[in-house]
Amino acid sequence: MQEIEKLKQLKSEREAQKLRQKEVVVEKQKHEEHIQTVCPECGGRQLIHDYERAELVCQGCGLVLDDDFIDRGPEWRAFDHDQRMKRSRVGAPMTFTIHDKGLSTMIDWRNRDSYGRAISSKNRAQLYRLRKWQRRIRVSNATERNLAFALSELDRMASALGLPRNVRETAAVVYRDAVDKNLIRGRSIEGVAAAALYAACRQCSVPRTLDEIAEVSRVSRKEIGRTYRFISRELGLKLLPTSPIDYVPRFCSGLTLKGEVQSRAVEILRQAGERELTSGRGPTGVAAAAIYISSILSGERRTQREVAEVAGVTEVTIRNRYKELAEKLDIEIIL
């Protein structure tokens, strides 16, 4: 009887502990919901997290919106790659750019144990067999084989174009959605992967032209365009036309122009957009013409040939666009 009473008492204590934990979680959720994303004083949205003081501060007026939030980062510091790998207690984050999202077990290629000691020759053969079976079971069916090939192709093209990580993740998500809706059937994997990468570039405002995508892919420009139109229609991707302003930073960087030239080119394109001078024209040609005008006005002149080579358009296109912009916007250019 005493044992039964002890068990009942333990059970009631566990239930009370669970209730307390739930109350803590609810209070925490309420506290997080209470944290505002807009400053009530000035209406600004630029809020700074000061982790040293555990404060949420408005950058505009300096109002402290919250003074008791939790830093969810690690409690350790690392000053180089070796320290980071040694002190980290978790694996790599989940990513859509790997067919299994990076959640499967990885067996290291080095023949060393967890303490860094060399593995004996007796156990080395077993480790080789484990690695071989690990490679086999990571790709188990046709869908995973398709994803493994397509995502490696996506990564290759993105590396060749120098695209950032967020574009690669977005392209992988677009391709996975196409696979889920069975849009790959009857089309080449390379074509759908290239179209997904083009769509991701437009979604993330890191524009690349179809010609640039076709240069690094193994399919033609025509097939990429056709596949892109198909998957954007089937997946409901609502993408706005590419703005010429999105091309300005990349072209200015390729021409080694200063920030003043870039700002002036953006202002010229903004004025041209207000007067509807950019509609119906290729965004790369308009952006190249605005940069050409801006470089002359800023005293850092670049020739039409130099601008054309970086922008991937002809000199005739730049000449026609810059004359049109100069005439409509009343810009006086001294050649």
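Numbers below:
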item: Residue in the range 182-192 that is within 30 Å of G254 (Cα to Cα), of a type in the set (D, E, K, R), in contact (Cβ under 8 Å) with a residue 12 or more places away in the chain and surrounded by 12 or more Cβ atoms within 10 Å (Cβ to Cβ) present; result: yes
item: Selection from the range 234-247 of residues that are among the hydroxyl-bearing types (S, T, Y) and in a helix (DSSP H, G or I); result: Y247
item: Sole exception among (1) surrounded by fewer than 23 Cβ atoms within 10 Å (Cβ to Cβ); (2) in contact (Cβ under 8 Å) with a residue 40 or more places away in the chain; (3) out of contact with any Gly (no Cβ under 7 Å at 6 or more places or on another chain) for G282, by number; result: (2)
item: Any pair with Cβ under 9 angstrom, 6 or more apart, that starts in the range 75-86 at a residue that is not assigned by TED's automatic domain parsing to the domain that holds E52 and ends at one that is of a type outside the set (A, V, I, L, M, F, W, C) and at pLDDT 80 or above; result: W76/Q83; R77/Q83
item: Test result for T314, over 16 Å from L255 (Cβ atoms) and of a type in the set (V, I, T); result: yes
item: Which numbered condition A78 fails, given (1) at pLDDT below 75; (2) in contact with a helix residue (DSSP H, G or I) (Cβ under 7 Å, 6 or more places away or on another chain); result: (1)
item: Matching residues in the range 219-276 - criterion: being farther than 22 Å from C204 by Cβ and touching a residue at least 40 places away in the same chain (Cβ under 8 Å); result: L255, L257, K258, I268, Q271, A272, R275
item: Single unsatisfied condition, R112 versus (1) at pLDDT below 80; (2) surrounded by 13 or more Cβ atoms within 10 Å (Cβ to Cβ); (3) of a type outside the set (A, V, I, L, M, F, W, C); result: (2)
item: Condition met for E309 (under 22 Å from C201 (Cβ atoms) and surrounded by fewer than 16 Cβ atoms within 10 Å (Cβ to Cβ)); result: yes
item: Which numbered condition Y175 misses (of (1) surrounded by fewer than 17 Cβ atoms within 10 Å (Cβ to Cβ); (2) touching a residue at least 12 places away in the same chain (Cβ under 8 Å); (3) of a type in the set (F, W, Y)); result: (1)
item: Single unsatisfied condition, Q83 versus (1) part of a loop (DSSP other than H, G, I, E, B); (2) at pLDDT 75 or above; (3) more than 21 Å from the chain's Cα centre (by Cα); (4) surrounded by 10 or more Cβ atoms within 10 Å (Cβ to Cβ); result: (1)
item: Criterion (modelled with pLDDT under 80, surrounded by 11 or more Cβ atoms within 10 Å (Cβ to Cβ), out of contact with any strand residue (DSSP E or B) (no Cβ under 7 Å at 6 or more places or on another chain) and farther than 30 Å from A200 by Cα) met by exactly one of S88, S104; result: S88
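The values are calculated or read from the model by the stated rules, or taken from the named source; none is laboratory data. These numbers come from a predicted model, not from an experiment. Because the Cβ atoms are built from the backbone with ideal geometry, glycine has one as well, and the counts that use them run over all protein chains shown.
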